[in-house]
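Right, one structure below, let's go through it.
The values are calculated or read from the model by the stated rules, or taken from the named source; none is laboratory data. It should be emphasised that the depicted structure is a prediction, and the values quoted were computed from it without experimental measurement. A quick note on method: Cβ atoms are made from the backbone with ideal geometry, for glycine too, and the neighbour counts reach across all protein chains shown. Surface areas here come from the heavy atoms of the whole protein model, side chains and all, with no ligands, DNA or RNA. Shrake-Rupley method; radii C 1.70, N 1.55, O 1.52, S 1.80 Å.
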Amino acid sequence: MTSSAPLPSELAMVPFVSVENMMRIVNTIGAEKILAELAEYIEADFLRWEKFDKTPRVAAHSAEGVIELMPTSDGETYGFKYVNGHPANMARGFQTVTAFGVLARVDTGYPLMISEMTVLTALRTAATSAVAARQLAPRNAKTMAMIGNGAQCEFQALAFKTVLGIETVRLFDIDPQATRKAAANLQGSGLEVISCNTSQDAVSGAEIITTCTADKQYATILTDNMVGPGIHINAIGGDCPGKTELHKDILLRSDIFVEYPPQTRIEGEIQQLPEDHGVTELWEVMAGTSKGRSSDNQITLFDSVGFAIEDFSALRYIHDQLERTGHYVDLDMIADPDDPRDLYGMVQRAKG
Ligand code: NAD
């Protein structure tokens, strides 16, 4: 993206992508095509990893959940996401995760776009999972177990179908209604969908296991005996201090791949391990400087927590779709007096 190129809209206006327009973008382009294109944007940004400013996200924890800010910049464009994680929200009829984000020019500091990111986070998380699995999953994997059938579930299933060629998903959730919802939504997707009564049943015959459950505690979604040799685990639900999904013994048998170690040490499954336990950064595998999967028997674990660069890629992607789709509105966000110093005069003249 060239941040110097203005959109067709007025320069003082900031394009805003509402939830409604995000859904239009997804339905115009197609969910699977977006997931595949997003995967390319994420890979491209992971391949220029060293260019980005990186910091663990800034988290405000409460008893109910967490509110986080996730900033990054490639020197030309700046982005941040506001995101929450409130596992008890679902019971109140609210989303567990909601988000919005901003992309801005570094040279002027002016915002380039504001976007909803609840739908976009589900898309980028799924695309990132698939990008990681492309490096780490057993070759020709065809079956994935999906434990946790909430908001992220169908996006994950479709990304693995599109990017990796997964043909069968085996669903399990402690709430059968969630599994019914996911199975119904995936009907007609081309995936074979098998609803399971237990997590043990769900993982049977699966080469990839995705865990995307939400619980603000150290949960044990997978126990050691459920993970055989050669499996790839895509663990996305453990993403906060005190919130994990895997039994520690699984971690000790796995080769662990992470986004940004300083953040994952705080938030990921590896918070259960000593600080010096070795992990591999995913971008290095993509760049060819570290090994991904190197044997058929190896257990690979993508300990995903979600990192700012993935959101940057997703915002960059949506920004590039604005002209193509026209699905945005202009927001009057930037004060624009004729004389930049005459801010007060502008307010006075608005009296009419
Ligand atoms: P959600 O609340 O919509 O769904 C979570 C599902 O997990 C629910 O259906 C719930 O019944 C189920 N569940 C809870 N405990 C379970 C258990 N023991 N076994 C099986 N199922 C269980 O949440 P969501 O939006 O789908 O997010 C899922 C998790 O992923 C959250 O913890 C969220 O913070 C995390 N997340 C991570 C990333 C990332 O980048 N790594 C991105 C988005 C969300």
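Which one, 16, 155, 94, has the greatest fluctuation when you compute a Gaussian network model over the chain with C-alpha springs under 10 angstrom?
Per the Cα network of the chain with a 10 Å cutoff, 94 tops the list.
Return the sequence-ordered ³J(HN,Hα) values of the range 79-94 in whole Hz as given by the Karplus equation 6.51 cos²θ - 1.76 cosθ + 1.60 applied to θ = phi - 60°, using x for Gly and Pro.
Listing the rounded values in order: x, 8, 10, 9, 9, 10, x, 10, x, 7, 4, 4, 5, 8, x, 10 Hz.
For the peptides 111-122, 45-56, 133-144, what is the packing order when you average, over each peptide's residues, the other Cβ atoms within 10 Å and list the highest mean first?
Those peptides, ordered most packed to least, come out 111-122, 133-144, 45-56.
Grab the eigenvalues of the alpha-carbon gyration tensor for the chain, scale each by 5, take roots, and send me the semi-axes largest first in whole angstrom.
With the √(5λ) rule applied to the chain, the semi-axes are 37, 21, 20 Å.
Based on alpha-carbon atoms only, what is the radius of gyration of the range 169-294 relative to the globular estimate 2.2 N^0.38 Å?
Relative to the 2.2 N^0.38 Å estimate, the range 169-294 comes out at 1.13.
Taking the 0 to 90 degree range and rounding to the nearest ten, how far is the long axis of helix 308-325 tilted relative to the main principal axis of the chain, both from C-alpha atoms?
Tilt relative to the chain: about 60 degrees.
Which trypsin sites (Lys or Arg not before Pro) in the range 283-346 sit in a loop by DSSP (not H, G, I, E or B) and have at most 11 other Cβ atoms within 10 Å of their own Cβ?
341
What ³J(HN,Hα) values, in whole Hz, does the Karplus curve 6.51 cos²θ - 1.76 cosθ + 1.60 give for the range 271-278 when θ = phi - 60°, with x put for Gly and Pro?
Calculated HN-Hα couplings, in order: 4, 7, 10, x, 3, 9, 5, x Hz.
Considering only 270, 208, 194, give the residue with the highest GNM mean-square fluctuation for the chain, with springs between Cα atoms whenever their separation is below 10 Å.
194
Given only helices, namely DSSP H runs of n ≥ 4 each adding -39500 (n - 2.57), what is the per-residue ellipticity at 222 nm of the chain, to the nearest 500 deg cm²/dmol?
-9500 deg cm²/dmol
Under the classification rounded if a/c is under 1.5, otherwise prolate if a/b is larger than b/c and oblate if not, where does the range 73-190 fall, given a ≥ b ≥ c as square roots of the Cα gyration tensor eigenvalues?
Since a/c reaches 1.5 but b/c is at least a/b, the shape of the range 73-190 is classed as oblate.
Rounded to the nearest angstrom and ordered from largest down, what semi-axes does the equivalent ellipsoid of the range 56-113 get from its C-alpha gyration tensor (root of 5λ)?
With the √(5λ) rule applied to the range 56-113, the semi-axes are 29, 12, 6 Å.
Which sequence of 338, 330, 107, 311 reflects their accessible areas, 1.4 Å probe, from the largest down?
Listed by decreasing accessible area, they come as 338, 107, 330, 311.
Quick one: net charge of residue 248's neighbours, Cβ under 12 Å, K/R +1, D/E -1?
Counting the neighbours of residue 248, the net charge comes to -3.
What whole number of Å gives the distance from the Cα centroid of the range 89-168 to the Cα centroid of the range 238-279?
20 Å
Over the chain, with a Gaussian network built from C-alpha contacts below 10 Å, which listed residue (70, 226, 22) shows the highest mean-square fluctuation?
226
Excluding residues fewer than 8 places away in the same chain, name every one of the lysines whose C-alpha is closer than 23 Å to that of residue 51.
Filter leaves 81, 291.
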